[in-house]
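To keep things clear, I will list the structure first and then write my remarks on it.
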Amino acid sequence: MTADPPHLGPRLQQIRKKKRLTLDELAALSGVSRSMLSQIERAQTNPTFSTLWNLTRALGVDLSELVKGHSGAHAAAITVLPAHFTPEIRTADGSCLLRILSPAANAGGFEWYELMVRPGGALVSEPHPAGAVEHLTVLEGALEVQTGDEETTLVPAGATARYPADLPHALRNTQETLARALLVVVL
């Protein structure tokens, strides 16, 4: 006699909603399509191990918590994720790399990134929601910041710029070396 497979859909939906993520947000964080997520949550399809792995990494839960409902073990006080678990976003031209350092549960509230911009590269953004503010701390090189109609400001290594992000804004590397920074977005 074989046991029935675990009911992953309702558990996945419960965890997603607890973390206040929409299907679209979880799709963006996990790389699993919105339609596939919907089918999994409605128990219309069984996810592959790879899909489960991507979902648990995006949700910040152990696979056993999703499969069994609760691992039964006490959670470790310190969680260390290998570098290859850090999601990355690249601009279309490849000149900018954003490594998403904040947990998936923070999406849409308080997010932080490691930003690397090649010489001549730019990260150009449309306005974020009203009241959004970005905090840019340059670690290496220098970046130019522009927001709305304000003049461009050069931010050197070691300095922090804070600026409204609910206007069109851009970060540009006009220097001849790679720029590396921490970018915190408060929405």
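3J(HN,Hα) couplings calculated from phi for region 55-60 with the Karplus curve 6.51 cos²θ - 1.76 cosθ + 1.60 (θ = phi - 60°) are, in sequence order, 5, 5, 5, 5, 7, x Hz; Gly and Pro show x.
For region 14-156, the residue among 26, 45, 155 whose Cα projects farthest onto the positive side of the dipole built from Cβ charges is 45. Taking the Cα centre of region 8-68 as origin and assigning +1 to Lys and Arg Cβ atoms and -1 to Asp and Glu Cβ atoms, the resulting dipole is close to 180 debye.
Going through (i) 42, 34, 29; (ii) 43, 37, 29; (iii) 70, 30, 29, the figure that equals Cα extents along the principal axes in Å as computed for the structure here is (iii). Between residue 133 and residue 44, the simple spin-label model (points 7 angstrom out along Cα→Cβ) gives 4.4 nm.
Mean silhouette area of region 8-68, derived from the convex hull of its C-alpha atoms and averaged over all directions, reads 3.4 nm².
Quick note: the coordinates plus some simple rules give every number you see, no bench work behind them. Predicted model only: the values in this text are computed from it and were never measured. Backbone-built Cβ (ideal geometry, glycine too); neighbour counts: all protein chains shown.
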